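The structure appears below as structure tokens.
Values in this text are rule-based calculations from the coordinates and carry no lab data. Just so we're clear, the structure is a prediction, and the values are computed from it rather than from any experiment. Cβ placement follows ideal geometry from the backbone for every residue including glycine, while neighbour counts extend to all protein chains displayed.
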């Protein structure tokens, strides 16, 4: 509880400072760093609040609420980036969330979980990893076909918005069908969260905190995107790197902390569930929803990505499936996922 | 039985009408649509006749006969397309059969099959899905290596016919070895077809119907290909779309109807067997045989495809393996396959 | 024992002859062929000697020693090729070892092993195949991302040496973690080698033979690379074909003979272990070590490969995982691997 209060305090301070400096026209680099850190804190608070709110409805609803609201910061960043015409930041922020969750967080969770197991082998139920692999492959099929069609200058590329819309609708339909069957069919099977992971809050304060943190996340995202252009120039990092690495890590603080902590405690199924739900949601819900929302902006978000990211996504989908599809993982397999993340980040850094 | 008679009647009528109009120089669009529909009916009749003929030799022979003869319409269309120099139609007709079977039909069969299961999970034996995945990966290796080599303008591309021939021989050798072991090793293991799926016909009429429908399929394919060029122009659809979607669906009526019906009745293994045998055969038998046959034509059919289709094939192979390789499937996984088909069709439509 | 003596004699004769002719300025083609054959013999002797030396330390150490020293000829060839500026030969020699082991040798071992099984199905433990698949996917991720980045002329390609170094360090870290857990965790589980596969030698002679054969391999590699340029011109084969096929097969004589012989005797786990360890080591140890060593040469070895080989590597990783990941394999699956090797070799031949 004391830790929660400390984090709330720190996040409020960071948010206030970032806001003050942004409107005081301070150095964009400072605003950029502070608002990035504040986003991480807000993502964490949203996670805690969601869990406490959700505990009234049962833990499966909590899980889904958590991954949905835990992706709020990314959602805001992408929307503000789109409205500022920063299409690269918008795309790479989505990809960054995906890579951070599927490679870095899952990898570290496997390392932690296999250390916690007596025989060095983390075990978990197979269904969610395989479902996530299916959804990733589906997202990949849209992205790879559109990307190739665009790269080759075929006629289809002139219709990339139309095809992206069809792809988005397909992804959302399958995601909906999956979510429905996931929530329904596993009733009573999934291990219950007996005690809340963060020390629960009462319902009303949690609801208030959720609302406040959500609104704050929207503001901070705006400052973050506003400071981004001058900051990346001053820091000599590329926009792609900002999206893939900085947004990817800052925006997924919840999954980072919760997933790895649960794995270290030996609660493999819950750890895998938090991380995998988030991956599935970014690929098959957040991305298509943003593609559809972007129809109301002047800059359109499509599924046409830089081929390097298409390849990175393909490798990610395959590695995640190969490593977790059999329901067991060793430490070196977690390291392999982390290594792929490092390689993607390195390539992006030099891009 | 009554249904069979009705379908025979309808198919005869359609075939006669298509033929009359084709020689009366009627609108190519009408001939195109009528002969497409007639091909669907003929494919179905060939399926029924094969099953009745094959029942004399046991159900494993029936299965192989059925997928071989069920692919007769595609074979004729590709041959007539080759002789008319329509290389795009030839290639995309083969791919269309593959995508229609592996994505659309399999997907719908999984949806039907998982609805039929009490717990929403369709279960089937793992071997055939994994064998099909192996054969698809092998076909993919030929197609991907040749496609890349061609695209990059390397020296190898000048030898694409020679490499395609080597690839075709390799594919046929592995397919032969697989078929041999499949027919031999599973004796007595595979669930028997106790009653024929369509209400059996006596041997001699079935044989006659098979012969007549086969000859008719050859004629109708000729009319179909002849009407294709003006028809696609009038209908504003591309040749690739005709091959991928229209031939893909019309030419696989048997697998469509039989596979989905069996799955809905809860006969998962048979449903999977009909669909998967057909996929394996198109990829590892029909395609290489046509590559070799095309050596006798002025236009050569090679394994060099548009990269968009190479990617679509890769995604198809991976998704089919991932979804069916573990011997169980949920409705949303079937939907995911259908969604990939919709995406491939959409990209092709705009191509 | 008599066979060992005969092979020692033959190898000594071949080595002496190759050396004499090389310094007598004989036809490079003859030197090339003789030193290629001598390398095969030396690889085999190193294998026998390693096994006898290692038997003092237990069979797991033997396995690792064997795959490490068994890759000595490739190591020397690549180093001499690098110092001669033959970057294509260096790269394709590494790839050739990988393809020869993962496709040709594994494929033949599966064919032999499934013939030896009563029901035509070779069975082995799943862990090593899946670990190898993980390591191959990791290597693929470095190679695919760098290759695409280079091909697209993005900014990252200017930094390909830096990224290759990061990739190499990642690969070595994961390989180290894997090797550690593999050697430790499987203690007492892996089937013991009760009798040495080649009829054991006493310790001291084995150690002497190891040292002599190792030094000889270094010399012969030098002659081989020196004769390569004029020889491939005279023989009308490409350098890529030399690396992929000739070095691939000559340099892996140990794995060839031992793996297939063990499989034919029904000792599936050992056969798979010899072949898979070698694949894992080439991909995740030899390649990155050579990338790092090349920093001391004027020509740098990077992970940037011809896209055709990237695709071949991707197909290889997928096929090996798909076929062996479930711990069982049929003859036709072994044939499929051999067929992929034939296709890769054919494309390389025409390159």
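Listed values, structure above:
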quantity	calculated
Geometric extent, Cα atoms of chain C - Rg, Dmax (angstrom)	19.4, 60
Average Cα contact separation per residue, chain B, under 8 Å, 6 or more apart, as relative contact order %	39 percent
For residue B:125, inter-copy label distances in nm, listed shortest first [label point 7 Å out on the Cα-Cβ vector]	2.9, 2.9
Three principal axis lengths of the protein assembly as shown [C-alpha, angstrom, descending]	87, 79, 48
Alpha-carbon centroid distance for the pair region C:36-112 / region B:200-254, whole angstrom	54 Å
Per-residue average of Cβ from other chains inside 10 Å of C:120-133	2
Residue with peak Gaussian network fluctuation, chain A [Cα springs, cutoff 10 Å], from A:99, A:285, A:297	A:297
Beta carbon of chain B nearest to the axis of the rotation taking B to C, residue and angstrom distance	B:318, 4
Average beta-carbon neighbours from other chains, 10 Å sphere, peptide A:338-345	6
GNM top mover of B:67, B:141, B:298 - chain B, alpha-carbon springs below 10 Å	B:298
Binned Cα-Cα distances of region B:1-83, short to long, each 10 Å bin given as a whole percent	17, 38, 32, 11, 1
Max mean-square fluctuation residue, GNM over chain B, Cα-Cα springs under 10 Å, options B:164, B:27, B:221	B:27
Teacher prompt: residue B:9 distances to equivalent labels in other copies, 7 Å Cα→Cβ, nm	8.7, 8.7
At 7 Å out from Cα toward Cβ: residue B:215 inter-copy label distances (nm, ascending)	8.3, 8.3
Peptide-level mean, for C:311-318, of C-beta atoms on other protein chains within 10 Å	6
5 Å-binned pair-distance histogram of region C:214-338 (Cα, whole percent)	2, 8, 12, 20, 21, 16, 11, 7, 2, 0
